[in-house]
Amino acid sequence: MISSIGTSYIGTPASRVDGRAKVTGAAKYAGEFNATGLAYGSVVTSSIAKGRIIRIDASEALRVDGVIDVLTHENRPRMASTDAAYEDDVAPAGSPFRPLYDDRILFGRQPIALVVAEEWEIARFAASLIRVEYKEEAHVTDVYRQRGKAVAIKPGADLFAPPKPRGRAKPAFAAAEGRHDGEYYVPIEHHNPMEPFASTVLWDGDGRLTVYDKTQGVQNVQRYLCSVFGMKPDEVRVMSQFVGGAFGSGLRPQYQVALAVLAARALKRSVRLVLTRQQMYGLGYRPAMIQRIALGANAGGTLDSIMHDAITVTSQYEDFYRQETGWSGLLYKCANAKYAHKLARLDLATSCDMRCPSAATGVYALECAMDELAVTLKLDPLDLRLRCYSDRDQNVDQAYSSKRLLDCYRQGAQAFGWHRRSPEPRSMRDGSELVGFGVATGVWDAMQMPITVRIVLSANGHAEVSCATSDIGTGTYTIMTQVAAEMLGLPLDNITIKLGDSTLPQSPVEGGSWIAASVSNGIATTSDAVRKELLGLAKHVPNSPLADASPDEVALADGKLVSKRDVSRGVSIVDAMRHGGVDRIEQEKSTGFRHDGSHAHNTHSAVFAEVKVDEQLGVIRVTRVVNAVAAGRILNPKTAASQIMGSVVWGIGMALHEETLIDHNFGRIMNPNIAEYHVPVNADVHDIKVTFVNEPDDIINPLGIKGVGEIGIVGVAAAIANAVYHATGKRVRDLPITLDKLLR
Ligand code: MOS
């Protein structure tokens, strides 16, 4: 690990550097940019789930004063005609959706027309006047109905295919002394970021566009727009400096950006398009899934057999899936394991990533099944997990770069007071409420992606650090500032971060919890180059105390380049640059994939939940959650704890509230709003305690960073479900656990 000299910024609870801009409204979001002559779009969406458009009658809409045009598949400007042109960096296999391309309807709420007007209200009113005739075709939107026709993904076929089996799971299960076999259901869940999807396209003349877009990857959107509209790279600049939550829904370009660009090109005007909350339910979602887990154990409480099958939902035109079953393979010591994953293709939009995709769901099933196995074996559920603990990734039989999960169990149990749990269900009470304690393990990847960072250091001791990455609300601006301040030996206030602009140095999409590790190590790499260049200058200062120093022997601290052996020997940045006759040092370096395949690299957690259940009404309150997380070096305990806390709140929603409901007769989502799609509100959120265990890791990357954007949700729904069982003696396996299911 890199140790630092002088002031340390990494690891301190610095407040968000963009906090003031956000609370004062200075931070602008995609739908807030203005331009002279700005036109406003409003989308018309399909009321059927499958079929063809026979006729779109826009005559009434066009007669409304202030309506500029109505774009449909019949009159739109030219768009690319190959699937490849619509494939973005993170597209799954298949044939990506093309907005306003032709007369085919692939899912309910598909965009079929765009009204553009001088005012947004006019556009929205006129959109209500569009008349559409359809030819309907039979649709299927119910995963249970499609279950028999689900298609298998071959184990080991690709990155997200189920892991290869090991041993002989079936006979081992049959011979096991303790067995559990259960089916778990997770419904479709929709991302509900506060900021709706929005794009403002500025027509800069000559066909050049500046696109303010809500996205997790400006360069992904930029490349997508270039290929869909046949534009040159320098003709489109995509900006996304602030994002009001996205959680995976902004990894792929969404249709509003394509439509806004389409309209700007058709009208040669600036155009803004903001989706309504209802229209947000026509985008991607967490796939519904049916999972079956069979666990076999010997009487000593160690696993002999794991069988995990998943059926997950995708569209008819793209095969989106993630590896739900892999977590069962990886986590616990078990010689025999077998997995299967099938895809149920439905007449819906393609499912997509949602916070901790596959682990939030796959580990939910696994950790409920482990709880049920503990009941069968008459073991404390935490004790069962300790007996099955593995210090190697069981899928690939590799050591971890670091794994302090045992500390998570220990510290979490202590902070929670797990020892106060009485084993029998229904044995703990608080007045009219039954009390339950539940535990679950969490696990997620710790990845690092190739990235490029530019640093411009000025002679006045200010540095500008730039990279085309995003800050989706996770605190990227802040941790980049901290890492740069530490690496360059400058105060936080002397660092300016530029991100969210496709013209900046290369970044992957912000996802998978990989940006903190990627961009921080990227900053470290580029800072090394800055330091080397500074040393070259410092050596030539008269009587330089660093004349014989090598780059490894010096560090930047307190505005100076100093000898690591004797910090009193140094040259200030100002002196070095002045003597060298330079007023700025600019370096741009790329950092590659870190992982060489020699170690497994994961984050872990132990989640403890207390619920209180009203015995008469079945109302469940999650009164306490302790989430103990092992995620390498924590760059900023304040922003990191916020990530985990937000994840726990979402885990409460997953366990108790969230469910997208579809009327399968019409193939239509019935609750496309936050009134009827329930998410936790303040009254649902009680005591949440976040603990980061100390987890040094000098293998994973030079800074020992793993990332915390997603691990916090994993295990939360399972810990709550297990606590509900402990409180009531009733096991509800299909989420969300609503009171009707509990009282049934
Ligand atoms: Mo995340 S679901 O990779 O934004």
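The values are calculated or read from the model by the stated rules, or taken from the named source; none is laboratory data. Keep in mind that what you see is a predicted model, and the values were worked out from it rather than measured. Reconstructed Cβ throughout: ideal geometry from the backbone, glycine too, with neighbour counts over all protein chains shown. Only protein heavy atoms, including side chains, enter the accessible area calculation; ligands, DNA and RNA are left aside. Shrake-Rupley method; radii C 1.70, N 1.55, O 1.52, S 1.80 Å.
Structure notes:
- Taking the criterion of being assigned to a helix (DSSP H, G or I) and among the hydrophobic types (A, V, I, L, M, F, W, C), the residues of segment 50-71 that qualify are Ala61, Leu62.
- Checked against the criterion of being surrounded by fewer than 19 Cβ atoms within 10 Å (Cβ to Cβ) and assigned to a strand (DSSP E or B), the candidates Asp158, Asp181 yield just one match: Asp181.
- Here Gln216, Gln256 are screened, and the one residue that is within 16 Å of the ligand (Cβ to nearest atom) and crowded, with 24+ Cβ neighbours inside 10 Å is Gln216.
- The condition of being part of a loop (DSSP other than H, G, I, E, B), open to solvent by less than 20 Å² (accessible area, probe 1.4 Å) and under 24 Å from His139 (Cα atoms) holds for Gly284.
- Lone unmet requirement of (1) touching a residue at least 24 places away in the same chain (Cβ under 8 Å); (2) over 30 Å from Tyr184 (Cβ atoms); (3) open to solvent by 30 Å² or more (accessible area, probe 1.4 Å) for Arg63: (1)
- Yes/no for Val629 being farther than 30 Å from Ala415 by Cα and among the aliphatic types (A, V, I, L, M): no
For every residue, the table says whether it meets (1) open to solvent by less than 10 Å² (accessible area, probe 1.4 Å); (2) farther than 30 Å from Val140 by Cα; (3) in contact (Cβ under 8 Å) with a residue 60 or more places away in the chain.
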{"residue": "Thr623", "(1), (2), (3)": "no, yes, yes"}
{"residue": "Ala628", "(1), (2), (3)": "yes, yes, yes"}
{"residue": "Ser642", "(1), (2), (3)": "no, yes, yes"}
{"residue": "Arg668", "(1), (2), (3)": "no, no, yes"}
{"residue": "Glu676", "(1), (2), (3)": "no, no, no"}
{"residue": "Val690", "(1), (2), (3)": "no, yes, yes"}
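- Scanning segment 518-535 for residues that are in contact with a helix residue (DSSP H, G or I) (Cβ under 8 Å, 6 or more places away or on another chain), open to solvent by less than 20 Å² (accessible area, probe 1.4 Å) and more than 16 Å from the ligand (Cβ to nearest atom) turns up Ser520, Ile523, Ala524, Ser527, Val530, Leu534, Leu535.
- Just one of the listed residues (Phe107, Phe125, Phe97) is open to solvent by 30 Å² or more (accessible area, probe 1.4 Å), aromatic (Phe, Trp, Tyr) and assigned to a loop (DSSP other than H, G, I, E, B), and it is Phe97.
- Lone qualifier among Asn673, Asn665, Asn694 - being over 23 Å from the mean Cα position of the chain (by Cα) and under 27 Å from Met280 (Cα atoms): Asn665
- Glu464 vs. criteria within 25 Å of Arg237 (Cβ to Cβ) and charged (D, E, K, R): yes
- Filter result for Thr474 (within 16 Å of the ligand (Cβ to nearest atom) and in contact with a strand residue (DSSP E or B) (Cβ under 9 Å, 6 or more places away or on another chain)): no
- Looking across segment 651-666, just one residue is open to solvent by 30 Å² or more (accessible area, probe 1.4 Å) and either hydroxyl-bearing (Ser, Thr, Tyr) or more than 20 Å from Tyr144 (Cα to Cα) (or both), and that is His657.
- Scanning segment 702-721 for residues that are more than 12 Å from the ligand (Cβ to nearest atom) and open to solvent by 10 Å² or more (accessible area, probe 1.4 Å) yields a count of 2.
- Cβ-Cβ under 6 Å pairs, at least 6 apart or on other chains, segment 450-479 side open to solvent by 30 Å² or more (accessible area, probe 1.4 Å), far side among the basic types (Lys, Arg): Ser458/Arg584
- In segment 501-517, the residues that are within 14 Å of Tyr477 (Cβ to Cβ) and near the ligand (Cβ under 8 Å from one of its atoms) reach residues that are open to solvent by less than 10 Å² (accessible area, probe 1.4 Å) and in a loop (DSSP other than H, G, I, E, B) with C-beta atoms within less than 8 angstrom, at least six apart or across chains, in these pairs: Glu510/Gln216; Glu510/Gly217; Glu510/Thr469; Glu510/Ser470; Glu510/Asp471.
- Residues of segment 337-356 classified as within 30 Å of Glu137 (Cβ to Cβ) and within 15 Å of the ligand (Cβ to nearest atom), total: 5
- Restricting segment 597-621 to residues that are small (Gly, Ala, Ser) and open to solvent by 10 Å² or more (accessible area, probe 1.4 Å) leaves a set whose member that is farthest from the chain's Cα centre (by Cα) is Ser598.
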